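Novice: Right, I'll just put the structure down here and ask away after.
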Amino acid sequence: MISRSVESSDFESIMDWFKEGIEDGENGILVYPNLQTFRQIYTQYVKDHLIAREEEKEEEEQKEKGNDDDSNDFSDNNNNRRKGQLLQMPRIILIATFYDTVNAVKHNLSAVGVDVQSHIDHGSLLIVDAFDGYYPNTDGMKKLVATLSERARKEGRIGVSVISNMGFFFLYDVDGAASELISYEASLSSKTYGGNIKGFSCYHARDYDNLFDSQKNDLLTQGQKKSLEITESATDVPFDT
Amino acid sequence: MQGLPSLIVMVVRLPLSYKKQDEKEDNKNDKPLANLLVVDDDSDIAHVLKQGLLKNRFLVTAFTHPEEALKNFQSNSKDYCLMLSDIRMPGMSGIRLARKVKEINPNVKVVLMTAFEINDNEFSKVFPSTQVDGFVQKPIGIKNLTDKILDTIGETKRRLNE
């Protein structure tokens, strides 16, 4: 298990973990302290992948035009990989929301400058109610993600990011939910080689704290999953729960 | 000034029971319709509901943390007539809170509210293990909410007025 803990004020580390800590083919666990922090994370993630990426791509294309003669100078593998990624279609980002409505998520994204409808229309962004994905059984979500993964491959996209709020599993009964939740998490492998899905199972700390330590350990599939626990900073102003 | 009377007599009629009558009216109006427990993890919504329902003659105790609401209910379960709670709340959902509240005092009415589309499936899973007396789709105006609460507590309200 690669577990990390970080304060919510260290937003750069949080986003680094989101972007680099979990690779394609991996499923990680995020525990967030409040909804305000969670909203900041998913809006920033979408911004970075869909808006910033478009800007970088434009810059890269400008550079390409200006440096045609030096086109063989790209010896650095990372640069080449980055360039290659920029030439690909963007990731598909799936947000399965639970405590915010789908409209609230759209509103939050719009508030930070994301052209939500355009990205939805282009197939790069999908926002669903997690309840519909996990009820009546978790197969619904798995099928949806598998479909998106397949579409990403066909469309030559970088991959799929799934940001799923796991609050659904705490809706009815904690004891019953824990076993359902653990078996669901266990079915998401910590690493699939060649996979193109980055999965983020996101837990509100107050839900997560309802679990026993043994259940938390089981959730991390006996220590194989990467996890990031965000703790509330002393400077946090309570915005919501 | 000649020809005008030098004395003007004014007669003011004051009801003898003026104050007493008014006090009676006030007392009648001040009598709360019911004592409500309101729970919503969104502090803005909890505040608006509390203020709106207070204006409509309810006694209201509001919480943003369901765990704290439950603790309060455990100590004052006989004081409350109805609990109005959001469904999707971290830490303890409204469905679980409703179950616990009913276990403590089955006579308390429970109305659950949600901003999400009310999906039959969502609630079919709850019944019959949790007896919920009503559902409310947010956003809802205070007048409609008041009517809904009054409908739900109809019997209890009559009992209170007896």
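Novice: Taking a threshold of 26 Å on the Cα-Cα distance, which of the pairs A:Lys142/A:Lys225; A:Lys47/B:Lys138; A:Lys226/B:Lys100; A:Lys106/B:Lys138 fall above it?
Specialist: Details: A:Lys142/A:Lys225 18 Å; A:Lys47/B:Lys138 29 Å; A:Lys226/B:Lys100 35 Å; A:Lys106/B:Lys138 18 Å.
Beyond 26 Å between Cα atoms: A:Lys47/B:Lys138; A:Lys226/B:Lys100.
Novice: Looking only at other chains, what is the average number of their beta-carbon atoms within 10 angstrom of each beta-carbon in B:90-98? Display every interim value, and only then the final one.
Specialist: Numbers: counts 19, 10, 5, 9, 1, 4, 7, 0, 0.
For peptide B:90-98, the averaged partner shielding equals 6.
Novice: Taking each residue in B:45-55, count the Cβ atoms of any other chain within 10 Å of its Cβ, then average. What number comes out? List each step's numbers first, then the result.
Specialist: Numbers: counts 0, 0, 0, 0, 0, 0, 0, 0, 0, 0, 0.
Averaged over the peptide's residues, the number is 0.
Values quoted throughout were computed directly from the atomic coordinates according to the rules given, and no laboratory measurement underlies them. What you see is a predicted model; the values in this text were computed from it and never measured. All Cβ positions, glycine included, derive from the backbone under ideal geometry; neighbour counts span all protein chains shown.
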